[in-house]
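The values are calculated or read from the model by the stated rules, or taken from the named source; none is laboratory data. Computed from a predicted model, the values in this text were never measured in an experiment. As a convention, Cβ positions derive from the backbone with ideal geometry for all residues, glycine included, and neighbour counts pool all protein chains shown. We work out accessible area using only protein heavy atoms, side chains counted, and drop any ligands, DNA or RNA first. Shrake-Rupley method; radii C 1.70, N 1.55, O 1.52, S 1.80 Å.
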Amino acid sequence: MKIPFAQFDTLHARLRQEMIEKFSAIYDRGIFILGEELAAFEHEFAAFCDNAYCIGCANGLDALTLTLRGMDIGEGDEVIVPSNTFIATALAVQAVGAICVLVDPDPETYTLSAAGLDHFLSDRTKAIIPVHLYGQTADMDAINQFAKTNGLKVIEDAAQAHGAKYKGKISGSLGDAAAFSFYPTKNLGALGDGGAVVTGDLQLAEKIRAIGNYGSREKYRHDLSGVNSRLDEVQAGLLRVKLKYIEETNAFRKHVAEMYLAHIQNDLIVLPKTKEDCAHVWHVFAVLCERRDELKAHLEKAGIGTIIHYPIAIHKQKAALNLRYDALPVAERIAANELSLPLYYGMTNDQIDAVIEAVNAFR
């Protein structure tokens, strides 16, 4: 049995007619930038995130960068970032000229903890970017309290956490602003690139929108130094269709994860841990194994696709990044041992069982 790491066939087959009808309506309307589909999606996604404002942009990296710029974070400022994230989080800090201060995550949940952050604080620290990694929120109460005490902004990197909750509150409503990606593999994925910023701050929302629209609030009047980063009408419209089903698709992902957690029993495998106060949306089912490469080869031989998230820690990359960090043993352990198992909407029970059987057979 061949089991891919991910596939969209089941979901896309189900949504095919709605998606075609939506595209046809946009095509016939003839407005492809800053039209009614984007306005409607921004309203609907803000409501989904239990927040006031949403600004569509070109991708998740831009969502982070625009947010930092909107908060006037720039040259010489410092931003605290967990060390075990996709490089986009660090690139956004780099893009505004700030220093990315890398810290190790909690060794059990792999998300950012407020414990020990005092050590990394300086008079140049301006913000914290907790990453809701793999679909689980960071320890937001403690992070927000630390930020409040020290006058810092909190920007959620929610690129992997559409619909995730912390103590009953949904991602996108847990900080000063949140950055989302709609890359096709995300829990809410476009049919191309896309991103959004969500915030409850009207002034910040208006500034971010202007920066992403060439620095313009009014056509041909440019009060800010801006860029072109806008979510187009086609992607916004297609995301509106998918948004209607996200609670159902997230519930299915949870079902697969619960099957794995209940039935994978192998002393060589460290299963992911979910905090009691978090509702995980399982963007990734990440296991750790000290013989990770052997496990990957074993599963591939059984026809099971896997992916490593992420094999090279940020501070080990060759890219010239403006970083500050101490020892990062947790991030390095995760990079050396992490393997993501197949998890997607439409997996059959036979496929789930086959993955479990193959993982348990690894010796």
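Filter the stretch 271-286 for residues that are assigned to a loop (DSSP other than H, G, I, E, B) and farther than 15 Å from residue 340 by Cα; which is most open to solvent (accessible area, probe 1.4 Å)?
For the stretch 271-286, the residue satisfying everything is 276.
Matching residues to (1) touching a Phe, Trp or Tyr at 6+ places or on another chain (Cβ under 9 Å); (2) in contact (Cβ under 8 Å) with a residue 40 or more places away in the chain:
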{"site": "271", "(1), (2)": "yes, no"}
{"site": "285", "(1), (2)": "yes, yes"}
{"site": "293", "(1), (2)": "no, no"}
{"site": "296", "(1), (2)": "no, yes"}
{"site": "299", "(1), (2)": "yes, yes"}
{"site": "304", "(1), (2)": "yes, yes"}
{"site": "309", "(1), (2)": "yes, yes"}
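Looking at (1) over 25 Å from residue 160 (Cβ atoms); (2) free of Cβ contacts under 8 Å to residues at least 40 places away in the same chain, which is the one condition that is false for residue 316?
Looking at each condition in turn, residue 316 falls short on (1).
Look through the stretch 271-299, keep the residues that are within 11 Å of residue 359 (Cα to Cα) and of a type outside the set (A, V, I, L, M, F, W, C), and return whichever of them is farthest from the chain's Cα centre (by Cα).
Among them, the one singled out is 298.
Could you give me the residue pairs with C-beta distances under 9 Å whose first residue belongs to the stretch 129-145 and is under 22 Å from residue 188 (Cα atoms), whose second residue is modelled with pLDDT under 95 and of a type in the set (D, E, K, R) wherever it lies, and which are 6+ apart or on separate chains?
136/275; 137/275; 137/277
For residues that are β-branched (Val, Ile, Thr) and within 22 Å of residue 240 (Cβ to Cβ), scanning just the stretch 184-215, find the one that is surrounded by the fewest Cβ atoms within 10 Å (Cβ to Cβ).
Out of the qualifying residues, it is 185.
Does residue 62 fit the bill of being at positive phi, open to solvent by 20 Å² or more (accessible area, probe 1.4 Å) and out of contact with any His (no Cβ under 8 Å at 6 or more places or on another chain)?
no
Residue-wise test of (1) at pLDDT below 95; (2) more than 30 Å from residue 97 (Cβ to Cβ); (3) within 25 Å of the chain's Cα centre (by Cα); (4) exposed (fewer than 13 other Cβ atoms within 10 Å of the Cβ).
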{"residue": "17", "(1), (2), (3), (4)": "no, yes, no, yes"}
{"residue": "44", "(1), (2), (3), (4)": "no, yes, yes, no"}
{"residue": "48", "(1), (2), (3), (4)": "no, yes, yes, no"}
{"residue": "57", "(1), (2), (3), (4)": "no, no, yes, no"}
{"residue": "68", "(1), (2), (3), (4)": "no, no, yes, no"}
{"residue": "71", "(1), (2), (3), (4)": "no, no, yes, no"}
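May I ask you to list pairs of residues, at least six apart or on different chains, whose Cβ atoms are under 7 Å apart, with the first in the stretch 80-104 being within 15 Å of residue 331 (Cα to Cα) and among the acidic types (Asp, Glu) and the second being open to solvent by less than 10 Å² (accessible area, probe 1.4 Å) and not in a strand (DSSP E or B)?
Note: pairs meeting the criteria are 104/83; 104/328; 104/331.
Select from the stretch 216-254 the residues that are crowded, with 16+ Cβ neighbours inside 10 Å and touching a Ser or Thr at 6+ places or on another chain (Cβ under 7 Å) and list them in ascending order.
Listed by number, the list holds a single entry, 226.
Looking only at residues in the stretch 100-124 that are in contact with a helix residue (DSSP H, G or I) (Cβ under 7 Å, 6 or more places away or on another chain) and not in a loop (DSSP other than H, G, I, E, B), which one is surrounded by the fewest Cβ atoms within 10 Å (Cβ to Cβ)?
Checking each candidate, the answer is 117.
Within the stretch 125-138, identify whether any single residue is open to solvent by 10 Å² or more (accessible area, probe 1.4 Å), in a loop (DSSP other than H, G, I, E, B), farther than 18 Å from residue 324 by Cβ and of a type in the set (Ser, Thr, Tyr), and answer yes or no.
no
Among residues belonging to the stretch 295-353 that are of a type in the set (A, V, I, L, M), open to solvent by 30 Å² or more (accessible area, probe 1.4 Å) and not in a loop (DSSP other than H, G, I, E, B), point out the one that is nearest to residue 113 (Cα to Cα).
Among them, the one singled out is 323.
Only one of (1) touching a residue at least 24 places away in the same chain (Cβ under 8 Å); (2) farther than 16 Å from residue 55 by Cβ is not met by residue 148, so which one is it?
(1)
Any chance you could count how many residues in the stretch 139-165 are assigned to a strand (DSSP E or B) and open to solvent by less than 10 Å² (accessible area, probe 1.4 Å)?
Selection size over the stretch 139-165: 3.
For the stretch 166-270, list the strands (runs of 3 or more DSSP E) that sit wholly inside it and hold at least 2 residues that are under 16 Å from the mean Cα position of the chain (by Cα); which are they?
177-181, 195-199
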